[in-house]
Amino acid sequence: MRIDLPIKASSTALFLNGERRSAVAVYQLVKRYDKVIAVDGAWNTFSKLKLEQYIDWVLGDGDSIIEKPAQFIELSDQNYTDFEKVLCLLIAEGCRRVDVFWASGGEMDHFLGHLSVAAKYAEQIQCYFFDDKQCFFYLAENCQLIDGQKQSGGRNISIYPFPEALVSSQGLLYDMDRLLLQQNGRQSLRNVTTGNQVEIVLDGSAFVFVDILSHKLT
């Protein structure tokens, strides 16, 4: 699996109910996508910012929405979170990748739940999460990161086992050689790239967090 930095936008964006960005940043984001989806709580923010025209679907059980718009689709099954219900709908539509915003911050139990849902459906749809500081994604295969912006390295990378992974790497300040990473054991946090290419050989599964302070989604 090859991932180029800066990461290019997919065709679909999903906004959850976590920590928001500024109005200017949101406006710049939504214009990049062919389809923009908001869960019901996120819709309130778009409505307040007068950006309703950019939202194609509003989905959820309706428990957080102030006023339901015409594009509201009710997903009322309380056995699943709104995020999981949206992913299932996207999978049924044939979508293979979605860029997810506003997933972190806010209530941290929701954030941990988002990670679990992304891992659960990773073979069917790839979720790339973005916040103001990092991009993060689920990984269960070998990965090559190519940095087209920071040729000399210096980008922070963390590999968080989910739940565990045997990891080898090349191109990091603290390279690993079949190091066992576990949620309740050893982890690899705040490592740093030494050049513009990183090789990660992984047996198991993990979330990879990449610093994006020095570049923006293109």
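The values are calculated or read from the model by the stated rules, or taken from the named source; none is laboratory data. All of these numbers come straight from a predicted model, not from anything done at the bench. Please note: Cβ atoms are built from the backbone with ideal geometry, for glycine as well, and neighbour counts cover all protein chains shown.
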Taking segment 1-53 and the residues there that are of a type in the set (Gly, Ala, Ser) and modelled with pLDDT under 90, the one that is nearest to His114 (Cα to Cα) would be Gly18
Single unsatisfied condition, Ser214 versus (1) in contact with a Leu (Cβ under 7 Å, 6 or more places away or on another chain); (2) modelled with pLDDT under 95:
(1)
Test set (1) modelled with pLDDT of 90 or more; (2) farther than 14 Å from Thr12 by Cα; (3) touching a strand residue (DSSP E or B) at 6+ places or on another chain (Cβ under 7 Å); (4) not β-branched (Val, Ile, Thr) - Glu84 fails condition number:
(3)
Unmet requirement for Val167, which otherwise passes all of (1) of a type in the set (Val, Ile, Thr); (2) surrounded by 20 or more Cβ atoms within 10 Å (Cβ to Cβ); (3) under 21 Å from Ile7 (Cα atoms):
(3)
For Pro163: the one exception among (1) in contact (Cβ under 8 Å) with a residue 40 or more places away in the chain; (2) more than 26 Å from Ala118 (Cβ to Cβ)
(2)
Restricting attention to segment 24-54, which residues are in contact with a helix residue (DSSP H, G or I) (Cβ under 8 Å, 6 or more places away or on another chain), assigned to a loop (DSSP other than H, G, I, E, B) and surrounded by 15 or more Cβ atoms within 10 Å (Cβ to Cβ)?
Leu49, Leu51
Only strands (runs of 3 or more DSSP E) wholly contained in segment 126-218 count here; list those with 3 or more residues that are of a type outside the set (Phe, Trp, Tyr) and in contact with a strand residue (DSSP E or B) (Cβ under 8 Å, 6 or more places away or on another chain).
134-139, 143-147, 156-170, 179-182, 188-192, 197-211
For segment 55-114, give me the residue count where each residue is within 14 Å of Gln126 (Cα to Cα), under 16 Å from the mean Cα position of the chain (by Cα) and part of a loop (DSSP other than H, G, I, E, B).
2
